[in-house]
């Protein structure tokens, strides 16, 4: 029996993780949960799984104690609560499914406490990949990726020497705007951007998929997870989402991981690794699929992807700046304050202003993150678009 903490238990990854736990209840026990906004669902999860600890943004505002009056679950709040949850002594596995940069501090705390990490958060490695990977090595901690693409790469590389890896191919569906001409991208509404054709995801990551910033963040994540140069990471648009990613080796052979489009599969693999268990999911029907398509991404239509590659190559504090500005602007887009196309414009504008610090420490990364967010606030985007600033 493995004890598991799920950070972000009410999001799409967290909900799917709990489905996996229900199927494998003889293998896993939930001892901790955290949630940001959906307190009603969190209360239901607490009643079902009886975790020892839960974390909410603000204990008083959440009112969780009134929703679970007879529960013995301890309620913590804020970033300090997340860090305390991360180091809970009886936990074996920490599933980091919090979106945005909020996961960085609890992730580092969990690594310091020598928990096995199932990582579903891109932003932590984008911001501070060098620090995270170094700390994991120092503490002999395994980081198993949960993102379908990185899980696929991990499975293809497993038991192979990294020096044999020539190129990594990250596949992308192209998102909900794949067929939309660039001339109409500025007309996209939030409800259109979050309507992903293949995956059911949270709003922020869905917008990132629509701009392909999500794939750019995955490039930076893959660079750190698999110790490969940015130049050796390729993007392929693959609308069927059957091939979740591929690895090309020095002998020019290619291994691909394929499966149905369901996040329960990579989540289960991360939790049970190195074992494989029956997932209860359907097999691929290749005869029904008939055809698999691949194409290069359009960098003019999706400039966020090119900006992410640039940030990865510049390294230092630049990826943290890219991530911070993107987070701020995605939220403004979801609030109908800017256009979708303004996200890339704003990211590029702030990146040009930033003076990169090479080999930064955590304090410098957090300062770069803060600085980048301040640039957006200075721009006063409440009622105007970046293109007019």
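Coordinate-derived values only; no laboratory data. Please read these numbers as outputs of a predicted model, since none were measured by experiment. Counting neighbours? That spans all protein chains shown, and the Cβs are built from the backbone with ideal geometry, glycine included.
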ask   = How far, in nm, would the chain grow between residue 189 and residue 337 when pulled straight, counting 0.36 nm per residue and subtracting the alpha carbon separation?
value = 52.2 nm
ask   = Dividing the convex hull volume of the alpha carbon atoms of the range 310-355 by its residue count, what do you get in Å³ per residue?
value = 59
query = By what distance, in whole Å, do the Cα atoms of the range 105-261 stretch along each of the three principal axes, largest value first?
reply = 49, 40, 28
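For the range 2-145, state the semi-axes of the equivalent ellipsoid (square roots of 5 times the eigenvalues of the alpha-carbon gyration tensor), sorted largest first and rounded to whole angstrom. Spell out each step's value before the answer.
Working: eigenvalues 113, 53, 34 Å².
Output for the range 2-145: semi-axes of 24, 16, 13 Å.
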ask   = Within the range 351-367, whose backbone N sits under 11 Å from a point 7 Å along Cα→Cβ of residue 133?
value = none
query = Points 7 angstrom from Cα along the Cβ direction at residue 37 and residue 258: gap in nanometres?
reply = 3.7
message = Can you tell me, using C-alpha contacts under 8 Å and at least 6 residues apart, the relative contact order of the chain as a whole percent?
response = 14
ask   = Going highest first, how would you order 249-255, 98-104 by mean Cβ packing within 10 Å?
value = 98-104, 249-255
ask   = Quick one: if the Förster radius is 35 Å, what FRET efficiency do residue 293 and residue 163 give, using the C-beta to C-beta distance and rounding to 0.05?
value = 0.65
inquiry  = Quick check on the chain: of the DSSP beta bridges with both residues there, what percent are antiparallel, nearest 5%?
reply    = 30
query = When the C-alpha atoms of the range 184-310 are aligned to their principal axes, what extent does each axis show, in angstrom, from largest down?
reply = 45, 35, 31
key: Least to most buried among 371, 224 (fewest other Cβ within 10 Å first)   = 371, 224
note = Ranked from fewest to most other Cβ atoms within 10 Å of their own Cβ, 186, 244, 196 fall in the order 186, 196, 244
task = Counting only C-alpha contacts under 8 Å and six or more residues apart, can you give the relative contact order of the range 42-144 as a whole percent?
result = 21
Exposure proxy order (Cβ contacts within 10 Å, fewest to most) of 162, 41 = 162, 41
request  = Give the Kirkwood hydrodynamic radius (Å, one decimal) of the range 280-377, defined as one over the mean of 1/r across all pairs of different Cα atoms.
outcome  = 15.5
